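Structure incoming, see below.
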Number of protein chains: 2
Amino acid sequence: MLLLIPFMAGLISIMAALYFYFYVSKQKIGTPRMEEISDLIRRGAKTYLKIEYRTLAVFVIIISLALYFFIGFNVSLAYIFGSFCSALAGFLGMDIALKANVRTANAAKRGLNKAFSVGFYGGAVTGLAVVGLALMGISVVYYFFPDPKIVLGFSFGASSLALFAKAGGGIFTKTADIGADIVGKIEMNIPEDDPRNPAVIADNVGDNVGDVAGMGADLFDSYVASIVAAMILGSVALKETGIFIPLIISAAGILASIIGIYFVRANKNPSKSLNNGTYITCVIFALFSFIVVYFLNIDIGIFYAIVSGLIAGIIIGLTSDYYTSADKPPTLRTAEVSKAGAAINILTGFSYGSISVVPPLLGIAAATLVSFYFAGLFGIAMSAVGMLAIVGMIISADAYGPIVDNAKGIAEQSRLGKRVIGITDKLDEAGNTAKAITKGFAIGAAGLTVIALLAAYAEIVGIKTVDLLSPLVLSGALIGIAMPPLFSALTILGVGKNAFRMINEIRRQFKEIPGLIKGKAKPDYDKCIDIATKGALKELVLPGVLAIIVPLLVGFTLGKNALGGFLAGSILSGLTFALLMANAGGLWDNAKKYIEEGNLGGKGSEAHKAAVVGDMVGDPFKDTAGPSINTLLTVMSLVSSMFASLIAAYALIH
Amino acid sequence: MLLLIPFMAGLISIMAALYFYFYVSKQKIGTPRMEEISDLIRRGAKTYLKIEYRTLAVFVIIISLALYFFIGFNVSLAYIFGSFCSALAGFLGMDIALKANVRTANAAKRGLNKAFSVGFYGGAVTGLAVVGLALMGISVVYYFFPDPKIVLGFSFGASSLALFAKAGGGIFTKTADIGADIVGKIEMNIPEDDPRNPAVIADNVGDNVGDVAGMGADLFDSYVASIVAAMILGSVALKETGIFIPLIISAAGILASIIGIYFVRANKNPSKSLNNGTYITCVIFALFSFIVVYFLNIDIGIFYAIVSGLIAGIIIGLTSDYYTSADKPPTLRTAEVSKAGAAINILTGFSYGSISVVPPLLGIAAATLVSFYFAGLFGIAMSAVGMLAIVGMIISADAYGPIVDNAKGIAEQSRLGKRVIGITDKLDEAGNTAKAITKGFAIGAAGLTVIALLAAYAEIVGIKTVDLLSPLVLSGALIGIAMPPLFSALTILGVGKNAFRMINEIRRQFKEIPGLIKGKAKPDYDKCIDIATKGALKELVLPGVLAIIVPLLVGFTLGKNALGGFLAGSILSGLTFALLMANAGGLWDNAKKYIEEGNLGGKGSEAHKAAVVGDMVGDPFKDTAGPSINTLLTVMSLVSSMFASLIAAYALIH
């Protein structure tokens, strides 16, 4: 019976998503020129999705067979279902983003408010589809297999999809971005987003692939993982009640998000509207949680745990904002020292990025302490659930970003005039701020989630401590801390290699297609998308395989205790690298934009050249490597938990 | 009685150092022009040392008073003595390096072999002075206060000095380097090392300050800390015998180093000579250790522990070599992609630096496992001792580097002719390879040492586990992992700020001193040295204070268990950052040099410009931030151990 609540909440969320989907779809597209550009991006995205889903299908089949043979049919089935739900959410998000961008541009003709609504409701489709499919999916799995350990399979499905979507999408988008810039802007001297550039469509597709589908899959992953971890720890602490608490609290979060989304109305300041929506959601969610705790007669400590997660999430988001906003000292200082060259820009940005890890880590530490104090290990898991419960609203604000960014590009390429472009510009700015906050939030939420997953792993595998004074655990930890830097290095090098392939292709087209540079012939956009896609998937093989194999290797050779150390080590270094890379990347980006607005010499100045280098370094930091680390951590934790009983039984060392 | 062995070994080492000191001193200086340049550098170094030691004296007095009031007279006294020994070793090393450089240049007139001997014996003075003063110092302290916990004070003295020498020296040298380059090479367009540049002497001084005094103090620090940790854990495992084993093994290492140094003879390949010396030392040391273990009738497991540390040290050194050598794929690939600009150079170098952390971490993990398997926690400490026992030879080969580097500079500035410059060039190349290996070795050794120190802390404070499933410990770890990135960011930003002061001063001199640019007037070298020195000390205040205060803060508020987590967390992230920064920095440096040798377009090409940016980013990575992390870790561990009983008694949370 209680299972009906999360199921219904998920269903309502999906229905609300569909409502917004149709609202956006029925808006007008605008001029034929706009339709043409939008069609090109849509077609490109389809090419990408087709190749990606085909590869994914093979991958999912292999993994599900392995799960079937080693663990059992139920987990394997749950895994397939989890992959499917995550893929569906990603597909819906991409689809609506590609419809909303051109419609937002067109709506901008009718003013800021209308355009904001179209853009934001486009984002809300992704947000609500993600949480709706996730919570409904979990409810369905648990209905058929009432055992949280089977739900782990669902969560692993979501995670492995997220690894593709986030890291693969990250490699795709930066391949296209760097390739387009180096040949287009630097070698051929044509402006950004110029339709003569063969990689321009790949670049536009990339924004959606990385920021909409990637971020959505990432938070889908964390959201599900936090709920599963809480279900496992809850079943230990409070038997069946403990299993339902995270589900019902998440249901409350979904309803709060829908109400929050309803209250987001454009006024003169779109950035403020988005933030207000988030704050309203937080307050309503806290209220709902209290009501749930009160009426279900649950220990009030769990309410405190939830709220501590919520507050930590906000602190982390605000920190990211401080360290990446162009009106705050870190970014301003970095922009200023750019006058002395690229090296100083890099060093300063990297340093501020390093410092920016301190407040979030303190926030996570505080949330851990408070929630444990009030509600034990289950409390830690519930603080992660509390942080992620409002993710419907968070993703809505985040997915709004790439939609209005694309809208701006379309408005420029379709020459919609100064007023309209000005409006999309304003919308875009708000999107950037929202994005910085969301990124910090996503990492913080993943941090609390993987801590809860570590506790869940210990519970399942039957270890009472992860004691670093034990040499086996310590050795595991030493291997674990190496994983995040290794993983991010492989993805960054992947971007580099793939970008070179792209550069060669773009050069080839400019050389071999007569009249292309004069605008008299059309480039072969599809070929570039093909290279970006296939290259991204190829470069993903090694890091992806490592993410699954290394924990198993550590577990089966050094044993379950060492694997505990491995997970703990990877969490500790992963959080540091993820925060550093995300924030440094955002800071470099905004320092460059600050200079481009005419400060410190503006475009073309020495400071600008230096800041461009910083931005190019920051791009794969913040869009490829940094955010994929979350997913790496959950994948490794889930693999370990799923194979826990096998490891406990068959490891070389016990 | 047994105490006489380490004492005598220390004494022999110091006497050997003095022998080489006089050998080098009695060599001829050469032409008056050479004497003039050498005098300028010597005077500059004296200015630096005077200001540094004055500040240090104040610092040492404050800390020793604090130790006296909170812990006791004996520890305070040991602390002062430890600072003194470390400072003396640093002073001797600097002094001889500044004598040996010009004499090596002069000896190069008489051929490679002679010059190599002068340079290497100059380095041997530092190497032997460091280990001699350290081991003799420990013996003296333990003779008067037969309690390993008092020896902690001696170790803390060495560590806090190392923090100044390494981080302060690192800021100094990069301030001068960057300042001289930006105004001299870029703005005024005069060559490197041009005597008209007001910062040129500061730059030369900086090489010695950072590489000789800094590396010496760093390894002095690790060397002492490893011995103290082993004494503490040994006293638990084997009572008094356990206290003497590390001292006697270290004595064996000193004798092996002296023999190894004796066998270093120049032939056509100086790089090979240095490596042979290291390998011979390793073999002899292993032999000696076996004899000690056999005749003292100690468990053979301890011998295996020692050897595992030795082997891990070599593996780590070779890894650094692989990831930073110009004839290996990582550096070559980085040089090649530089054609596509600075951003790709940075991303590629950073990625290989990230990957380079994997083998050393695996090596440390393996050494931990093997040594624990054979000899328990004491075995881990002994593997650190085993790794560091040969440090006399390691430092000799390392300190050789800056001496011949300076010799090359002096030969060029004194126009000693192509043949002589060619010889110093060859000597310098060998120095660079040795340096890369030593840096990796130093970090690996510090890694094993701080792991042993963590075990020693647990022993003293009376905790049986450092269990990351405990929220207090986990919170401590989350704060701990933030320390290394925070510390390195503050030192890098310090370099930036101080470099700006330097740049302004250099510009001022070129503007206000008439005839300077035409070479008709002399610049005010001292003013630049003054700025570099005072600025470095100023920028060091915040990170230095944090290194001492934060562990105490964590300990006294969150308690001894959280502090254990804090130390463990800082070790895990510290090792990662230190290895990444040191190796990436070395790689960028050599990628630039590879291009400057005429590859990929050579000097002035686009690839070269990009590689210069990479090198400038890498400089503070490898010379300021990366190597100081070692010291940060030992300082924090020692502070925690010294205040352990106070923390156990008075912490807010127990």
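I'd like to check which helices (runs of 4 or more DSSP H) are fully inside segment B:600-654 and have at least 1 residues that are of a type outside the set (A, V, I, L, M), buried (at least 19 other Cβ atoms within 10 Å of the Cβ) and under 22 Å from the mean Cα position of the chain (by Cα).
B:606-620, B:626-642
When you check B:L454 against the structure, is it facing chain A (nearest Cβ under 9 Å), farther than 27 Å from B:A237 by Cα, outside any loop (DSSP other than H, G, I, E, B) and not acidic (D, E), yes or no?
Here the answer is no, as B:L454 does not meet what is asked.
Here's a follow-up. Look at A:V554 and say whether it is surrounded by fewer than 24 Cβ atoms within 10 Å (Cβ to Cβ) and modelled with pLDDT of 95 or more.
For A:V554, the condition - surrounded by fewer than 24 Cβ atoms within 10 Å (Cβ to Cβ) and modelled with pLDDT of 95 or more - is not met.
Of all residues in segment A:208-242 being surrounded by fewer than 24 Cβ atoms within 10 Å (Cβ to Cβ) and not aliphatic (A, V, I, L, M), which is farthest from A:L88 (Cα to Cα)?
A:K239
So, in segment A:261-281, how many residues would count as being buried (at least 22 other Cβ atoms within 10 Å of the Cβ) and within 21 Å of the chain's Cα centre (by Cα)?
Adding up the residues that qualify gives 5.
Could you tell me whether A:S396 is in a helix (DSSP H, G or I), in contact (Cβ under 8 Å) with a residue 24 or more places away in the chain, touching a Pro at 6+ places or on another chain (Cβ under 7 Å) and over 20 Å from A:L453 (Cβ atoms)?
no
In segment A:502-518, what residues are buried (at least 16 other Cβ atoms within 10 Å of the Cβ) and within 14 Å of chain B (Cβ to nearest Cβ)?
A:M502, A:I503, A:I506, A:R507
When segment B:609-630 is examined, which residues are found to be more than 14 Å from chain A (Cβ to nearest Cβ) and farther than 15 Å from B:L490 by Cα?
Within segment B:609-630, just B:N630 meets the criteria.
Follow-up. For B:P359, all conditions in the list (1) closer than 29 Å to A:T491 by Cβ; (2) at the interface with another protein chain (Cβ under 8 Å from one of its Cβ atoms) hold save one; what is the number of the exception?
Going through (1) closer than 29 Å to A:T491 by Cβ; (2) at the interface with another protein chain (Cβ under 8 Å from one of its Cβ atoms) one by one, B:P359 breaks only (2).
Right, B:V200: more than 30 Å from B:A9 (Cα to Cα), in contact (Cβ under 8 Å) with a residue 60 or more places away in the chain and β-branched (V, I, T) or not?
yes
Quick one: would you say A:F22 is within 30 Å of A:V639 (Cβ to Cβ) and either surrounded by fewer than 24 Cβ atoms within 10 Å (Cβ to Cβ) or free of Cβ contacts under 8 Å to residues at least 40 places away in the same chain (or both)?
The answer is no for A:F22.
Related question: Select from segment A:514-553 the residues that are more than 23 Å from A:L161 (Cα to Cα) and assigned to a helix (DSSP H, G or I) and list them in ascending order.
Once the filter is applied, which keeps residues that are more than 23 Å from A:L161 (Cα to Cα) and assigned to a helix (DSSP H, G or I), segment A:514-553 yields A:Y525, A:D526, A:K527, A:C528.
Also, quick follow-up: Could you list all residues from segment A:342-354 that are farther than 9 Å from A:G614 by Cα and either of a type in the set (S, T, Y) or more than 7 Å from chain B (Cβ to nearest Cβ) (or both)?
A:T348, A:F350, A:S351, A:Y352, A:G353, A:S354 - these are the residues of segment A:342-354 that are farther than 9 Å from A:G614 by Cα and either of a type in the set (S, T, Y) or more than 7 Å from chain B (Cβ to nearest Cβ) (or both).
Given the residues B:I306, B:I298, which is the only one that is touching a helix residue (DSSP H, G or I) at 6+ places or on another chain (Cβ under 7 Å) and not in a helix (DSSP H, G or I)?
Checking each option against the conditions leaves just B:I298.
So A:L572 fits all but one of (1) over 30 Å from A:L67 (Cα atoms); (2) within 14 Å of chain B (Cβ to nearest Cβ); (3) not hydroxyl-bearing (S, T, Y); what number is the exception?
(1)
Does A:L493 count as at the interface with another protein chain (Cβ under 7 Å from one of its Cβ atoms), free of Cβ contacts under 8 Å to residues at least 60 places away in the same chain and not in a helix (DSSP H, G or I)?
Here the answer is no, as A:L493 does not meet what is asked.
What's the number of the condition A:F350 fails, among (1) hydrophobic (A, V, I, L, M, F, W, C); (2) modelled with pLDDT under 95; (3) farther than 27 Å from A:V200 by Cα?
Every condition holds for A:F350 apart from (2).
Out of segment A:315-330, which residues are in contact (Cβ under 8 Å) with a residue 40 or more places away in the chain and away from every other protein chain (no Cβ under 14 Å)?
A:G317, A:L318, A:S320, A:D321, A:T324, A:S325, A:A326
Results for (1) modelled with pLDDT of 95 or more; (2) more than 16 Å from B:A217 (Cα to Cα); (3) out of contact with any Gly (no Cβ under 7 Å at 6 or more places or on another chain); (4) surrounded by fewer than 24 Cβ atoms within 10 Å (Cβ to Cβ), shown as yes or no for each residue.
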site	(1), (2), (3), (4)
B:T31	no, yes, yes, yes
B:E36	no, yes, yes, yes
B:I41	no, yes, yes, no
B:T47	no, yes, yes, yes
B:I51	no, yes, yes, yes
B:T55	no, yes, yes, yes
B:L67	yes, yes, no, yes
B:F81	yes, no, no, yes
B:G90	no, no, no, no
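Moving on to the next point. Go through B:A252, B:A305 for me and flag whichever is touching a Ser or Thr at 6+ places or on another chain (Cβ under 8 Å), at pLDDT 95 or above and away from every other protein chain (no Cβ under 14 Å).
B:A252
Right, next: Could you tell me which numbered condition B:G386 fails, if it satisfies all but one of (1) within 14 Å of chain A (Cβ to nearest Cβ); (2) crowded, with 21+ Cβ neighbours inside 10 Å; (3) of a type outside the set (A, V, I, L, M, F, W, C)?
If we test B:G386 against (1) within 14 Å of chain A (Cβ to nearest Cβ); (2) crowded, with 21+ Cβ neighbours inside 10 Å; (3) of a type outside the set (A, V, I, L, M, F, W, C), just (1) comes out false.
Condition check: among the hydrophobic types (A, V, I, L, M, F, W, C) and touching a residue at least 40 places away in the same chain (Cβ under 8 Å). Does B:L255 satisfy that?
Against the criterion (among the hydrophobic types (A, V, I, L, M, F, W, C) and touching a residue at least 40 places away in the same chain (Cβ under 8 Å)), B:L255 qualifies.
How many residues, within segment B:103-118, are crowded, with 24+ Cβ neighbours inside 10 Å and not aliphatic (A, V, I, L, M)?
4
Would you check which residues across segment A:403-415 are assigned to a loop (DSSP other than H, G, I, E, B) and surrounded by fewer than 22 Cβ atoms within 10 Å (Cβ to Cβ) and list them?
The one that is assigned to a loop (DSSP other than H, G, I, E, B) and surrounded by fewer than 22 Cβ atoms within 10 Å (Cβ to Cβ): A:R415.
Another question, then. Could you please find all residues in segment B:185-223 being within 14 Å of chain A (Cβ to nearest Cβ) and either under 19 Å from B:G409 (Cβ atoms) or touching a Gly at 6+ places or on another chain (Cβ under 9 Å) (or both)?
Correct list: B:K185, B:I186.
Being within 14 Å of the chain's Cα centre (by Cα), closer than 19 Å to B:P402 by Cβ and hydrophobic (A, V, I, L, M, F, W, C): is that true of B:A582 here?
Answer is yes for this residue.
Just for segment B:505-516: of the residues that are under 37 Å from the mean Cα position of the chain (by Cα) and of a type outside the set (K, R), which one is nearest to B:V200 (Cα to Cα)?
Among residues in segment B:505-516 that are under 37 Å from the mean Cα position of the chain (by Cα) and of a type outside the set (K, R), the one nearest to B:V200 (Cα to Cα) is B:I506.
Within the group A:A521, A:A499, A:A532, A:A482, which residue is aliphatic (A, V, I, L, M), more than 9 Å from chain B (Cβ to nearest Cβ) and buried (at least 24 other Cβ atoms within 10 Å of the Cβ)?
None of the other options fit; the residue is A:A532.
Just one of the numbered conditions (1) surrounded by fewer than 24 Cβ atoms within 10 Å (Cβ to Cβ); (2) facing chain A (nearest Cβ under 8 Å); (3) not in a loop (DSSP other than H, G, I, E, B) is not true of B:K464; which one?
Result: B:K464 fails condition (3) only.
The values are calculated or read from the model by the stated rules, or taken from the named source; none is laboratory data. Note that this is a predicted model, so its numbers are computed, not measured. Cβ atoms come from the backbone with ideal geometry, glycine included; neighbour counts cover every protein chain shown.
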